[in-house]
1. With label points built 7 Å along Cα→Cβ from the Cα atoms of Thr115 and Glu212, find their separation and express it in nm.
2. Determine the shape class of region 211-256: with a ≥ b ≥ c the square roots of the Cα gyration tensor eigenvalues, call it rounded for a/c under 1.5, and otherwise prolate if a/b is greater than b/c, oblate otherwise.
3. Which ³J(HN,Hα) values in Hz, rounded to whole numbers, follow from the phi angles of region 105-115 under the Karplus curve 6.51 cos²θ - 1.76 cosθ + 1.60, where θ = phi - 60° and Gly and Pro get x?
4. Applying the Karplus parametrisation 6.51 cos²θ - 1.76 cosθ + 1.60 with θ = phi - 60° to the phi angles of region 117-134, what ³J(HN,Hα) value in whole Hz is obtained for each residue in order, glycine and proline being reported as x?
5. Apply 1/(1 + (r/R0)^6) to the Cβ-Cβ distance of Ser268 and Glu107, taking R0 = 35 Å, and write down the FRET efficiency to the nearest 0.05.
6. Report ³J(HN,Hα) in whole Hz for each residue of region 267-275, in order, from the Karplus equation J = 6.51 cos²θ - 1.76 cosθ + 1.60 where θ = phi - 60°; Gly and Pro get x.
7. What nm distance separates the two modelled labels at Tyr47 and Ala21, each placed 7 Å from Cα along Cα→Cβ?
8. Where does region 66-148 land on Rg/Rh, using Cα atoms and the Kirkwood Rh?
Amino acid sequence: MFGNWLKTGILMAGIVALFGAMGAAIGGQQGMLIALVIGGAMNFFAYWFSDKMVLRMYNAQEVDETSAPQLYRMVKELAGRADLPMPRVYLIDEAQPNAFATGRNPEHAAVAATTGILQLLTPRELRGVMAHELAHVKHRDILVSTVSATIAGAIATLANFGMFFAGSQNREGGGNPLLAIVVMIFAPIAAMLIQFAISRTREFGADRGGAEISGDPNALADALAKIDAYARGIPLPTADANPATAQMMIMNPLSGGGLKGLFSTHPSTEERIARLRAMR
């Protein structure tokens, strides 16, 4: 647990430092102080509200035992096996098969699944996926994922402000003509670094933990094979518009190539399946 809290602290501190450096480049010492205040406020906001923001971003609808009995009872049974509080359960009306967990701790956690994954997987395979998401909750790495997804968008906003500010300065003859270019390059690099701050072993750990919770490693392996085959051909527009959220999903949801491929923090599906098949 200490390692996850340390990872979260390092991520938040790095984000604040990044905000400060970008503020200094845009507005000198005063700009750095303003950016540090904004960065600290964003960390506070992300800690308390980023899960709600991500769920709203995907238009996730909360369900219960009446509206989605099979999914709700499945999550309840698995949460009991994992010795976790019952998380909130959400459905996302999207054809791409995918799922994620969010929340600041196990007591304030939520799991979300797309309608596509419910249609694609068998109950046994879906159980493996939900166990994987609950493993993220149990390992307390859902806060790191949610915070990084929220803050990455703020970095892009600050970069846009920097280009606008630099343009105004240039028109008045007092700006650095290279500042806009530097900021434009720096912003995507910063967003990429945030994604790489989340260890690739996080998915391997959740795969193993999910297999232990469900007691059926092959169910998750079969599910990953199906999801990988179908997700590549079915877009998830919200993820394409907000690529920083891609690392929260059980499978990389991005449909585009080019720079978007750099945001993938998922290990290869083949290696994940091989490791699960090796578990007995």
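1. About 3.7 nm, to one decimal.
2. oblate
3. Running phi through 6.51 cos²θ - 1.76 cosθ + 1.60 with θ = phi - 60° gives 6, x, 6, 10, 9, 9, 10, 10, 9, 7, 5 Hz.
4. Coupling constants for region 117-134: 6, 5, 7, 7, 8, 6, x, 5, 5, 4, 4, x, 5, 5, 5, 4, 5, 5 Hz.
5. Result of the calculation: an efficiency of 0.55.
6. Values, residue by residue: x, 5, 4, 4, 6, 4, 5, 4, 5 Hz.
7. The answer from the label model is 2.3 nm.
8. 0.94
Since every read-out is calculated from the coordinates, none of them should be taken as a lab result. What you are looking at is a predicted structure, and each value in this text was computed from that prediction instead of being measured. Glycine also receives a Cβ, built like all others from the backbone with ideal geometry; neighbour counts cover every protein chain displayed.
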